[in-house]
Amino acid sequence: MIRFEHVFKRYPERGEALSDVSFEMNVGEMAFLTGHSGAGKSTLLRLLGLLERPTRGQVVVHGRNLASLPRGQIPFHRRQVGMIFQDYRLLPDRSVFDNVALPLVVAGLPHKDIGRRVRAALDQVGLLKRERATPSALSGGEQQRVGIARAVVARPPVLLADEPTGNLDPDLSREIFELFERFHAVGVTLLIATHDLSLVRSMSHRTFTLHDGRLVKDSGGH
Ligand code: ADP
Ligand code: ADP
């Protein structure tokens, strides 16, 4: 369901961020993406989330080639792919509820469905009781769980996370990874960029390694 075919991404001022990257992921697979800082992990995720387009090659998600997806279908694609960031990217002056509701509001869902879906998502991340709080009242781990609730609230089949535990201590990081495993268990496809090799090793999932924009290793989990 996710396929990269000879993908290149070149930034005019920086040269190639991705060079000839090819791989496939199946529906429901959970995989990690590792590599040094600047290796191209964020770039790869941004191509999948359609925040950017490849310079060359094909990125195919659910049989759609993102490189030639008509502009009008971009919002539909974005709803199929939930994204989670290292710095959470929450709206600081809005409540937890409003932050999580945002993708559904943008999608134009009826008001009554929004409340039900937001509470289901907050329940999944264990934050049902904090819906009225603003992000600044929450710990880092809680803020990331709000970020995850926002990413899953529209029930996307694919979740992408870019260094989701980069600002969290080891215990909180493990909790976040356990949350990802629960989405994996219900059939969500996950690709998680991380530096946290000890967590990666403890979890036995497929692991992709990028080095200077090239996919240098693809070790199967089991
Ligand atoms: P990683 O996530 O592995 O740290 P990135 O994908 O962020 O790597 O970066 C890969 C390379 O592309 C780096 O050399 C980086 O400087 C460059 N790069 C990333 N984003 C941009 C951008 N928007 N404009 C120019 N260069 C970029
Ligand atoms: P409904 O819309 O039928 O009320 P919920 O939103 O309460 O359903 O979610 C039901 C369950 O579906 C969740 O608890 C979760 O385990 C599962 N689920 C399936 N796909 C996803 C997804 N992409 N993101 C989050 N949960 C999902």
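For the condition more than 21 Å from D162 (Cβ to Cβ) and open to solvent by 10 Å² or more (accessible area, probe 1.4 Å), what is the one hit in R56, R46?
Unique residue meeting the criteria: R56.
Residues in the range 180-222 that are crowded, with 19+ Cβ neighbours inside 10 Å, over 17 Å from M25 (Cβ atoms) and either within 16 Å of ligand 2 (Cβ to nearest atom) or of a type in the set (S, T, N, Q) (or both): how many?
0
Considering the range 164-202 alone, what residues qualify as being part of a helix (DSSP H, G or I) and among the acidic types (D, E)?
Across the range 164-202, the qualifying residues are D171, E175, E178, E181.
Just to be sure before I move on: is L172 closer than 28 Å to L33 by Cα, open to solvent by 40 Å² or more (accessible area, probe 1.4 Å), of a type outside the set (S, T, N, Q) and in contact (Cβ under 8 Å) with a residue 40 or more places away in the chain in the structure I sent?
no
Can you find a residue in the range 130-138 that is under 28 Å from G28 (Cβ atoms) and either among the acidic types (D, E) or crowded, with 21+ Cβ neighbours inside 10 Å (or both)?
Within the range 130-138 (the criterion being under 28 Å from G28 (Cβ atoms) and either among the acidic types (D, E) or crowded, with 21+ Cβ neighbours inside 10 Å (or both)), the answer is no, since none of the residues qualifies.
For the range 1-43, which positions are under 16 Å from A161 (Cβ atoms) and part of a strand (DSSP E or B)?
I2, M25, M30, A31, F32, L33, T34
Listed residues G147, G126; which is under 17 Å from E175 (Cα atoms), surrounded by fewer than 21 Cβ atoms within 10 Å (Cβ to Cβ) and within 22 Å of the chain's Cα centre (by Cα)?
Exactly one residue qualifies, and that residue is G126.
The values are calculated or read from the model by the stated rules, or taken from the named source; none is laboratory data. Being a predicted model, the structure only gives us computed values, none of them experimental. Positions of Cβ are generated from backbone atoms using ideal geometry, with glycine treated the same way; all protein chains shown enter the neighbour counts. Ligands, DNA and RNA are excluded from the accessible area calculation, which covers all protein heavy atoms including side chains. Shrake-Rupley method; radii C 1.70, N 1.55, O 1.52, S 1.80 Å.
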